[in-house]
1. Let me have the 222 nm mean residue ellipticity of the chain computed from DSSP H runs of 4+ only, each contributing -39500 (n - 2.57), with the sum over all residues rounded to the nearest 500.
2. Using a Förster distance of 22 Å, how high is the FRET efficiency between Phe196 and Ser27, based on the Cβ-Cβ distance and rounded to 0.05?
3. Could you compute the FRET efficiency for Thr39 and Trp96, with r as their C-beta to C-beta distance and R0 at 35 Å, rounded to 0.05?
4. Taking 25 Å as the cut-off for C-alpha to C-alpha distance, list the pairs among Lys18/Lys201; Lys18/Lys207; Lys148/Lys184 that go past it.
5. Assuming R0 = 45 Å, can you tell me the calculated FRET efficiency for the pair Thr118 and Met210, based on Cβ-Cβ distance, to the nearest 0.05?
6. For region 162-226, run through the trypsin sites (Lys or Arg not before Pro) and keep only the ones in DSSP coil with at most 13 other Cβ atoms within 10 Å of their Cβ.
7. Once Lys and Arg get +1 and Asp and Glu get -1 on their Cβ, which of Thr193, Asn173, Ala211 lies farthest toward the positive end of the dipole of region 109-211?
8. From Cα pairs below 8 angstrom and at least 6 apart in sequence, can you work out the relative contact order of the chain, rounded to a whole percent?
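Values in this text are rule-based calculations from the coordinates and carry no lab data. Just so we're clear, the structure is a prediction, and the values are computed from it rather than from any experiment. Note: ideal-geometry Cβ built from the backbone for every residue, glycine included; neighbour counts use all protein chains shown.
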Amino acid sequence: MNITYFGHSCFGVEVNGKHILFDPFISSNEMAKNIDEATVRADYILISHGHFDHIADAVSVAKRTGAKVVCSWEIHEWLNKKGVSNTHPMNVGGKWKFDFGNVKCVSAVHSSGLPDGTYGGNPMGFIVESDKSNFYYAGDTALTYDMKLIGEYRQIDFAFLPIGDNFTMGVDNAIIASQFINCKKIIGMHYDTFGFIKIDKEDAVQKFDMAGNELILFNIGEEKSI
Ligand code: NI
Ligand code: MN
């Protein structure tokens, strides 16, 4: 699968010819200033929760591309009020079949207020299942024992996990999370963007390696086939 990194927790993943964009936060991310948000492709936008650093460009990308936005009920209502009508509301535990594959929403231990103070519902992670492979996008979350259910539910071929600490789990807990979900190939996210989440990347890669897992870190704008 082709994966492109747009900074922070924003990734584009191509699944069965469809471009799925996760947690769009580009135009106001100083680290992603070389990315032109107007060129980012999306057939679907999956939003894990309502915080600014996950939703900042959702309205503009959705309006430009016409992409279907998959998110919590509360974020769906908020987007509708902002003129984004192509939305698909879901909630934790639910699964839906889209034309590229299935999306199952799983729990995330975090919070989810929208930028204007509106309640955003529960934060979520996503399992994307397709005939090519299955992957888990954790969103912002702490390490939680619920992740064991993900490993029991499906074979997870690769996973996006936050590793920046302070607001989410950090490297040590993300290594335990990768064991819980039984997945050896981890793509790191939610690090280095702000002062609170700056990490030692070399040390992180080494720690994962010592635990027998692979931590894959993208440069912003980089595309990899995974
Ligand atoms: Ni957050
Ligand atoms: Mn965040």
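1. Result for the chain, helices only: -5500 deg cm²/dmol.
2. 0.55
3. For R0 = 35 Å, the calculated efficiency reads 0.80.
4. Lys18/Lys201; Lys18/Lys207
5. My answer for the efficiency is 0.55.
6. Lys198
7. My answer, from the dipole projection, is Ala211.
8. 17 percent
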